[in-house]
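The values are calculated or read from the model by the stated rules, or taken from the named source; none is laboratory data. For clarity, every value in this text was computed on a predicted model and none was experimentally measured. Positions of Cβ are generated from backbone atoms using ideal geometry, with glycine treated the same way; all protein chains shown enter the neighbour counts.
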Amino acid sequence: MDPSVFCEIVQGKAEATMDYVNEVCVAVMDIQPVNPDHVLVIPKAHAAYLNDLEEDIGAHPFKIAMGINRALRKSGLGVKA
C-alpha cells in the first residue's frame, strides 16, 4: 500500500507544523481548512480505516482534539467550533 499524505506527515516526510505530538498521535493545522483554525489530529499508527485501529489508539486522537478545541476556544482567537 502506498503511504498516504497523513503517513508522510507523521514520518516527517511531508511539510507540516506539528502543533502537538505525543506517542500516539500528532496534531497539525490543515493547509486547506474547511473552517478557520481547522486542526487535524492524526494517529501515528497506519490504518486505512478507523476500524483498523485498536480501540484505545482510535479513541486517543478524539481526546486530544477535544483538548485542543478547549484551548482554541479559550485563546480569544474567535474559534467557534
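Data table
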quantity: Every pair of residues 6+ apart whose Cβ atoms lie under 9 Å, when the first sits in the stretch 5-20 and is without any contact (Cβ under 8 Å) to a residue 60 or more places away in the chain and closer than 13 Å to ILE31 by Cβ while the second is surrounded by 11 or more Cβ atoms within 10 Å (Cβ to Cβ) and of a type in the set (D, E, K, R); calculated: ALA14/GLU8; ALA16/GLU8
quantity: LYS44 being of a type outside the set (Val, Ile, Thr) and in contact with a helix residue (DSSP H, G or I) (Cβ under 9 Å, 6 or more places away or on another chain); calculated: yes
quantity: Complete set of residues in the stretch 10-28 that are within 10 Å of the chain's Cα centre (by Cα), at pLDDT 90 or above and among the aliphatic types (A, V, I, L, M); calculated: VAL10, VAL21, VAL26, ALA27, VAL28
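Listed here are the residues, each with its yes/no results for (1) out of contact with any strand residue (DSSP E or B) (no Cβ under 9 Å at 6 or more places or on another chain); (2) farther than 21 Å from GLU8 by Cα.
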site: HIS38; (1), (2): no, no
site: HIS46; (1), (2): yes, no
site: GLU55; (1), (2): yes, yes
site: LYS74; (1), (2): yes, yes
